[in-house]
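These notes are about the structure you will find just below.
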Amino acid sequence: MRELFVLLKKGNKPALWASIINATISLIKGIAYFITGNVAMFAEMMHSIGDMANQFFVFIGSALSKKAPTDKFPNGFARLVNLVLLGAVIIVGILAYETIKEGIHHILHPPEAGSWLWLNLTVLGVAAILESFVLYKAMKEVVKDIGQENVKGMEVVKVSLANLGGAKPATKLVFLEDMVATAGALIAMISILIATYTPFHTAEGYASVIIGVMLFYVVGRIFLDNAAGVLGVADEEMEKKIGEFVFEHPEVRDIQKLLVMKEGEELHVELKLEFDPEMSIETIDHVLDGIEKKILNQRGVTEVIIESDEDDQQLSWDPNKNDM
(Lines give C-alpha, C1' and ligand atoms only; values in the text may rest on other atoms or scores of the structure.)
Protein backbone atom coordinates (compact mmCIF):
# COMPACT_ATOMS: atom_id res chain seq x y z
CA MET A 1 0.00 0.00 0.00
CA ARG A 2 2.86 2.37 0.79
CA GLU A 3 4.37 1.72 -2.64
CA LEU A 4 1.02 2.59 -4.24
CA PHE A 5 0.90 5.98 -2.50
CA VAL A 6 4.48 6.69 -3.56
CA LEU A 7 3.57 5.87 -7.17
CA LEU A 8 0.40 7.98 -7.06
CA LYS A 9 2.53 11.00 -6.15
CA LYS A 10 4.28 10.52 -9.50
CA GLY A 11 1.03 10.44 -11.48
CA ASN A 12 0.14 13.02 -14.11
CA LYS A 13 -1.04 16.04 -12.08
CA PRO A 14 -3.09 17.75 -14.84
CA ALA A 15 -5.04 14.49 -15.26
CA LEU A 16 -5.88 14.43 -11.54
CA TRP A 17 -6.91 18.09 -11.57
CA ALA A 18 -9.01 17.52 -14.68
CA SER A 19 -10.73 14.49 -13.16
CA ILE A 20 -11.70 16.37 -9.99
CA ILE A 21 -12.96 19.43 -11.86
CA ASN A 22 -14.87 17.36 -14.42
CA ALA A 23 -16.55 15.40 -11.59
CA THR A 24 -17.84 18.72 -10.26
CA ILE A 25 -18.85 19.93 -13.72
CA SER A 26 -20.66 16.70 -14.62
CA LEU A 27 -22.68 16.89 -11.37
CA ILE A 28 -23.70 20.49 -12.08
CA LYS A 29 -24.62 19.69 -15.68
CA GLY A 30 -26.53 16.58 -14.60
CA ILE A 31 -28.68 18.57 -12.20
CA ALA A 32 -29.31 21.20 -14.88
CA TYR A 33 -30.24 18.53 -17.46
CA PHE A 34 -32.74 16.81 -15.16
CA ILE A 35 -34.34 20.18 -14.40
CA THR A 36 -34.44 21.50 -17.98
CA GLY A 37 -34.34 18.41 -20.22
CA ASN A 38 -32.07 20.37 -22.58
CA VAL A 39 -30.38 18.06 -25.11
CA ALA A 40 -27.27 20.27 -25.48
CA MET A 41 -26.88 20.07 -21.70
CA PHE A 42 -27.24 16.27 -21.97
CA ALA A 43 -24.40 16.19 -24.52
CA GLU A 44 -22.24 18.29 -22.25
CA MET A 45 -23.08 16.14 -19.22
CA MET A 46 -22.07 12.97 -21.09
CA HIS A 47 -18.90 14.69 -22.26
CA SER A 48 -17.92 15.69 -18.73
CA ILE A 49 -18.64 12.20 -17.33
CA GLY A 50 -16.42 10.71 -20.02
CA ASP A 51 -13.66 13.21 -19.32
CA MET A 52 -13.85 12.56 -15.59
CA ALA A 53 -13.54 8.77 -15.98
CA ASN A 54 -10.82 9.02 -18.63
CA GLN A 55 -8.68 11.45 -16.77
CA PHE A 56 -8.92 9.48 -13.53
CA PHE A 57 -7.79 6.31 -15.35
CA VAL A 58 -5.02 8.30 -17.02
CA PHE A 59 -3.79 9.55 -13.63
CA ILE A 60 -3.75 6.00 -12.21
CA GLY A 61 -2.11 4.57 -15.35
CA SER A 62 0.58 7.25 -15.50
CA ALA A 63 1.38 6.61 -11.82
CA LEU A 64 1.56 2.80 -12.10
CA SER A 65 3.74 3.09 -15.22
CA LYS A 66 6.50 4.46 -12.94
CA LYS A 67 6.71 1.12 -11.08
CA ALA A 68 10.22 -0.36 -11.14
CA PRO A 69 10.88 -3.52 -13.22
CA THR A 70 10.36 -6.87 -11.51
CA ASP A 71 11.60 -10.39 -12.20
CA LYS A 72 8.30 -11.18 -13.91
CA PHE A 73 8.27 -7.91 -15.89
CA PRO A 74 11.97 -7.12 -16.48
CA ASN A 75 11.19 -4.43 -19.08
CA GLY A 76 9.19 -2.40 -16.58
CA PHE A 77 5.70 -0.94 -16.77
CA ALA A 78 6.23 2.17 -18.89
CA ARG A 79 3.81 1.05 -21.61
CA LEU A 80 1.03 0.58 -19.06
CA VAL A 81 -0.01 4.19 -19.58
CA ASN A 82 -0.60 3.42 -23.29
CA LEU A 83 -2.79 0.44 -22.39
CA VAL A 84 -4.82 2.51 -19.92
CA LEU A 85 -5.37 5.21 -22.53
CA LEU A 86 -6.55 2.63 -25.06
CA GLY A 87 -9.11 1.50 -22.51
CA ALA A 88 -10.08 5.09 -21.74
CA VAL A 89 -10.96 5.92 -25.34
CA ILE A 90 -13.56 3.14 -25.35
CA ILE A 91 -15.50 5.09 -22.74
CA VAL A 92 -15.23 8.28 -24.79
CA GLY A 93 -16.34 6.41 -27.90
CA ILE A 94 -19.50 5.08 -26.19
CA LEU A 95 -20.39 8.52 -24.85
CA ALA A 96 -19.71 10.13 -28.24
CA TYR A 97 -22.13 7.65 -29.84
CA GLU A 98 -24.84 8.37 -27.25
CA THR A 99 -24.32 12.11 -27.70
CA ILE A 100 -24.73 11.93 -31.48
CA LYS A 101 -27.74 9.61 -31.19
CA GLU A 102 -29.49 11.97 -28.79
CA GLY A 103 -28.69 14.93 -31.06
CA ILE A 104 -30.15 13.20 -34.13
CA HIS A 105 -33.29 12.33 -32.16
CA HIS A 106 -33.61 15.99 -31.21
CA ILE A 107 -33.20 17.07 -34.84
CA LEU A 108 -35.87 14.64 -36.07
CA HIS A 109 -38.28 15.46 -33.24
CA PRO A 110 -37.51 19.03 -32.17
CA PRO A 111 -39.33 20.26 -29.06
CA GLU A 112 -40.67 23.75 -28.66
CA ALA A 113 -38.30 26.36 -27.33
CA GLY A 114 -37.85 25.63 -23.64
CA SER A 115 -37.45 27.80 -20.60
CA TRP A 116 -34.60 27.80 -18.06
CA LEU A 117 -32.49 29.84 -20.47
CA TRP A 118 -30.38 31.58 -17.84
CA LEU A 119 -29.90 28.43 -15.80
CA ASN A 120 -28.53 26.62 -18.85
CA LEU A 121 -26.30 29.52 -19.86
CA THR A 122 -25.00 29.98 -16.30
CA VAL A 123 -24.14 26.29 -15.90
CA LEU A 124 -22.42 26.13 -19.28
CA GLY A 125 -20.61 29.41 -18.65
CA VAL A 126 -19.23 28.14 -15.33
CA ALA A 127 -18.27 24.87 -17.04
CA ALA A 128 -16.43 26.73 -19.82
CA ILE A 129 -14.45 28.76 -17.27
CA LEU A 130 -13.48 25.68 -15.25
CA GLU A 131 -12.60 23.68 -18.39
CA SER A 132 -10.46 26.54 -19.72
CA PHE A 133 -8.62 26.60 -16.38
CA VAL A 134 -7.81 22.88 -16.71
CA LEU A 135 -6.92 23.38 -20.38
CA TYR A 136 -4.40 26.07 -19.46
CA LYS A 137 -2.82 23.79 -16.83
CA ALA A 138 -2.57 21.08 -19.51
CA MET A 139 -0.93 23.62 -21.83
CA LYS A 140 1.63 24.42 -19.13
CA GLU A 141 2.29 20.69 -18.74
CA VAL A 142 2.88 20.39 -22.52
CA VAL A 143 5.40 23.22 -22.27
CA LYS A 144 7.06 21.40 -19.36
CA ASP A 145 7.12 18.10 -21.29
CA ILE A 146 9.06 19.70 -24.15
CA GLY A 147 11.54 21.35 -21.77
CA GLN A 148 10.48 25.00 -22.12
CA GLU A 149 9.45 25.77 -18.54
CA ASN A 150 10.57 29.39 -18.95
CA VAL A 151 7.61 30.17 -21.25
CA LYS A 152 5.03 32.30 -19.41
CA GLY A 153 1.64 33.94 -19.90
CA MET A 154 -0.22 33.71 -23.19
CA GLU A 155 2.95 32.49 -24.89
CA VAL A 156 2.12 29.13 -23.24
CA VAL A 157 -0.92 28.80 -25.53
CA LYS A 158 1.09 29.34 -28.70
CA VAL A 159 3.99 27.07 -27.72
CA SER A 160 1.73 24.24 -26.49
CA LEU A 161 -0.38 24.23 -29.65
CA ALA A 162 2.73 24.17 -31.84
CA ASN A 163 4.42 21.36 -29.85
CA LEU A 164 1.54 19.11 -28.78
CA GLY A 165 3.14 16.15 -30.57
CA GLY A 166 6.07 16.26 -28.14
CA ALA A 167 3.89 15.98 -25.03
CA LYS A 168 3.56 12.85 -22.91
CA PRO A 169 0.60 10.59 -23.80
CA ALA A 170 -1.34 11.42 -20.64
CA THR A 171 -0.81 15.16 -21.05
CA LYS A 172 -1.91 14.98 -24.67
CA LEU A 173 -5.18 13.26 -23.78
CA VAL A 174 -6.02 15.81 -21.08
CA PHE A 175 -5.17 18.65 -23.48
CA LEU A 176 -7.37 17.32 -26.30
CA GLU A 177 -10.31 16.42 -24.06
CA ASP A 178 -10.37 19.79 -22.32
CA MET A 179 -9.94 21.69 -25.57
CA VAL A 180 -13.01 19.88 -26.93
CA ALA A 181 -14.83 20.39 -23.61
CA THR A 182 -14.21 24.14 -23.61
CA ALA A 183 -15.26 24.47 -27.25
CA GLY A 184 -18.27 22.18 -26.62
CA ALA A 185 -19.56 24.36 -23.78
CA LEU A 186 -19.36 27.45 -25.99
CA ILE A 187 -21.11 25.64 -28.86
CA ALA A 188 -23.87 24.48 -26.51
CA MET A 189 -24.40 28.05 -25.23
CA ILE A 190 -24.67 29.40 -28.76
CA SER A 191 -27.11 26.64 -29.77
CA ILE A 192 -29.37 27.37 -26.79
CA LEU A 193 -29.49 31.07 -27.69
CA ILE A 194 -30.29 30.26 -31.33
CA ALA A 195 -33.01 27.75 -30.38
CA THR A 196 -34.56 30.24 -27.95
CA TYR A 197 -34.57 33.39 -30.05
CA THR A 198 -35.01 32.02 -33.61
CA PRO A 199 -37.31 29.48 -35.29
CA PHE A 200 -34.31 27.13 -35.62
CA HIS A 201 -35.33 24.92 -32.67
CA THR A 202 -33.14 22.02 -33.84
CA ALA A 203 -29.96 24.02 -33.12
CA GLU A 204 -29.38 22.18 -29.84
CA GLY A 205 -29.58 18.83 -31.65
CA TYR A 206 -26.98 19.92 -34.18
CA ALA A 207 -24.78 21.16 -31.32
CA SER A 208 -25.04 17.73 -29.70
CA VAL A 209 -23.97 16.05 -32.94
CA ILE A 210 -21.03 18.44 -33.35
CA ILE A 211 -19.87 17.77 -29.78
CA GLY A 212 -20.15 14.01 -30.40
CA VAL A 213 -18.10 14.26 -33.59
CA MET A 214 -15.40 16.23 -31.73
CA LEU A 215 -15.32 13.46 -29.13
CA PHE A 216 -14.82 10.89 -31.88
CA TYR A 217 -11.87 12.97 -33.11
CA VAL A 218 -10.30 12.68 -29.65
CA VAL A 219 -10.97 8.92 -29.73
CA GLY A 220 -9.23 8.52 -33.09
CA ARG A 221 -6.25 10.70 -32.22
CA ILE A 222 -5.58 9.08 -28.85
CA PHE A 223 -6.19 5.56 -30.15
CA LEU A 224 -3.66 5.89 -32.98
CA ASP A 225 -1.00 7.46 -30.75
CA ASN A 226 -1.29 4.86 -28.01
CA ALA A 227 -1.72 1.84 -30.27
CA ALA A 228 1.65 2.82 -31.73
CA GLY A 229 2.99 3.22 -28.18
CA VAL A 230 1.87 -0.27 -27.16
CA LEU A 231 3.42 -1.84 -30.27
CA GLY A 232 6.61 0.18 -29.82
CA VAL A 233 7.38 3.24 -31.91
CA ALA A 234 10.67 4.99 -32.62
CA ASP A 235 11.24 8.65 -31.78
CA GLU A 236 12.79 9.82 -35.05
CA GLU A 237 13.27 13.40 -33.85
CA MET A 238 15.36 12.24 -30.90
CA GLU A 239 17.29 9.82 -33.13
CA LYS A 240 18.29 12.69 -35.40
CA LYS A 241 19.27 14.85 -32.43
CA ILE A 242 21.43 12.11 -30.91
CA GLY A 243 22.98 11.35 -34.29
CA GLU A 244 24.02 14.99 -34.67
CA PHE A 245 25.82 15.33 -31.35
CA VAL A 246 27.43 11.85 -31.65
CA PHE A 247 29.24 13.08 -34.75
CA GLU A 248 30.50 16.09 -32.81
CA HIS A 249 33.10 13.62 -31.54
CA PRO A 250 35.74 13.30 -34.29
CA GLU A 251 36.74 9.86 -32.94
CA VAL A 252 33.40 8.38 -34.09
CA ARG A 253 33.68 7.04 -37.65
CA ASP A 254 30.09 5.84 -38.09
CA ILE A 255 26.84 4.97 -36.31
CA GLN A 256 26.12 1.32 -36.99
CA LYS A 257 22.87 1.31 -35.01
CA LEU A 258 20.75 4.02 -33.40
CA LEU A 259 17.29 3.30 -32.06
CA VAL A 260 15.21 5.45 -29.72
CA MET A 261 12.09 3.61 -28.54
CA LYS A 262 9.17 5.24 -26.76
CA GLU A 263 8.21 3.25 -23.68
CA GLY A 264 5.16 5.08 -22.37
CA GLU A 265 6.52 8.40 -21.11
CA GLU A 266 10.12 7.18 -21.24
CA LEU A 267 12.72 6.90 -24.02
CA HIS A 268 15.10 3.94 -24.30
CA VAL A 269 18.18 4.34 -26.49
CA GLU A 270 20.28 1.67 -28.20
CA LEU A 271 23.47 2.84 -29.88
CA LYS A 272 26.37 1.09 -31.60
CA LEU A 273 29.31 3.22 -32.79
CA GLU A 274 32.27 2.46 -35.01
CA PHE A 275 35.82 3.58 -34.19
CA ASP A 276 39.24 3.35 -35.80
CA PRO A 277 40.59 -0.14 -34.96
CA GLU A 278 43.91 1.48 -34.03
CA MET A 279 42.31 3.56 -31.30
CA SER A 280 42.98 2.54 -27.70
CA ILE A 281 40.26 1.01 -25.54
CA GLU A 282 40.82 3.73 -22.96
CA THR A 283 40.10 6.48 -25.51
CA ILE A 284 37.00 4.69 -26.81
CA ASP A 285 35.65 4.22 -23.28
CA HIS A 286 36.19 7.91 -22.55
CA VAL A 287 34.24 8.91 -25.68
CA LEU A 288 31.44 6.42 -24.95
CA ASP A 289 31.10 7.67 -21.35
CA GLY A 290 30.76 11.27 -22.54
CA ILE A 291 28.15 10.36 -25.16
CA GLU A 292 26.17 8.25 -22.69
CA LYS A 293 26.04 11.05 -20.12
CA LYS A 294 24.85 13.53 -22.73
CA ILE A 295 22.12 11.16 -23.94
CA LEU A 296 20.91 10.55 -20.37
CA ASN A 297 20.60 14.32 -19.92
CA GLN A 298 18.06 14.47 -22.77
CA ARG A 299 14.47 14.90 -21.61
CA GLY A 300 12.64 11.60 -21.19
CA VAL A 301 15.66 9.32 -21.68
CA THR A 302 15.86 6.76 -18.87
CA GLU A 303 18.03 3.99 -20.36
CA VAL A 304 21.00 3.91 -22.72
CA ILE A 305 22.63 0.79 -24.13
CA ILE A 306 25.79 1.77 -25.98
CA GLU A 307 28.34 -0.49 -27.73
CA SER A 308 31.42 -0.05 -29.88
CA ASP A 309 32.78 -1.83 -32.95
CA GLU A 310 35.66 -1.31 -35.35
CA ASP A 311 35.14 0.73 -38.49
CA ASP A 312 33.98 -1.47 -41.39
CA GLN A 313 34.74 1.27 -43.97
CA GLN A 314 31.06 1.42 -44.99
CA LEU A 315 28.87 4.34 -43.98
CA SER A 316 25.73 3.09 -42.24
CA TRP A 317 24.25 6.27 -40.80
CA ASP A 318 22.60 8.83 -43.05
CA PRO A 319 22.28 12.10 -41.06
CA ASN A 320 19.49 13.27 -43.41
CA LYS A 321 17.30 10.19 -43.18
CA ASN A 322 14.88 11.79 -40.70
CA ASP A 323 14.60 15.12 -42.49
CA MET A 324 11.10 16.00 -43.56
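The values are calculated or read from the model by the stated rules, or taken from the named source; none is laboratory data. The model shown is predicted, which means the values in this text are computed figures rather than measured ones. Because the Cβ atoms are built from the backbone with ideal geometry, glycine has one as well, and the counts that use them run over all protein chains shown. To get the accessible areas, we keep the full protein, side chains included, count just its heavy atoms, and leave off ligands, DNA and RNA. Shrake-Rupley method; radii C 1.70, N 1.55, O 1.52, S 1.80 Å.
Descriptive notes on the structure:
- Considering residues of region 194-232 that are part of a loop (DSSP other than H, G, I, E, B) and open to solvent by 50 Å² or more (accessible area, probe 1.4 Å) only, the residue nearest to residue 52 (Cα to Cα): 201
- Summed over region 277-317, residues that are of a type outside the set (Phe, Trp, Tyr) and either assigned to a strand (DSSP E or B) or open to solvent by less than 40 Å² (accessible area, probe 1.4 Å) (or both) total 19.
- Enumeration of residues in region 126-160 that are of a type in the set (Gly, Ala, Ser), open to solvent by less than 20 Å² (accessible area, probe 1.4 Å) and over 16 Å from residue 16 (Cβ atoms): 127, 128, 160
- Only one of the listed residues (274, 244) is farther than 30 Å from residue 58 by Cβ, in a strand (DSSP E or B) and of a type in the set (D, E, K, R). That residue is 274.
- Filter pass, residue 99 being out of contact with any helix residue (DSSP H, G or I) (no Cβ under 8 Å at 6 or more places or on another chain), within 27 Å of residue 190 (Cβ to Cβ), not in a loop (DSSP other than H, G, I, E, B) and not charged (D, E, K, R): no
- In region 161-190, the residues that are open to solvent by less than 40 Å² (accessible area, probe 1.4 Å), under 12 Å from the mean Cα position of the chain (by Cα) and without any contact (Cβ under 8 Å) to a residue 40 or more places away in the chain: 164, 167
- Cβ pairs under 7 Å, 6+ apart, first in region 266-295 and closer than 16 Å to residue 245 by Cβ, second part of a loop (DSSP other than H, G, I, E, B): 267/235; 267/300; 287/249; 287/251; 291/249
- Condition check for residue 190: outside any strand (DSSP E or B), at pLDDT 85 or above, not assigned by the TED database to the domain that holds residue 42 and not basic (Lys, Arg): no
- The residue that is farthest from residue 81 (Cα to Cα), among those in region 10-66 that are surrounded by fewer than 24 Cβ atoms within 10 Å (Cβ to Cβ) and of a type in the set (Ser, Thr, Tyr), is 36.
- Residue in region 131-151 that is over 22 Å from residue 30 (Cα atoms), at pLDDT below 80 and in contact with a Leu (Cβ under 8 Å, 6 or more places away or on another chain) present: no
- Matching option when the condition is of a type in the set (Asp, Glu) and not in a helix (DSSP H, G or I), among 149, 141: 149
- Selection count where residues are surrounded by fewer than 15 Cβ atoms within 10 Å (Cβ to Cβ) and among the basic types (Lys, Arg), scope region 241-256: 0
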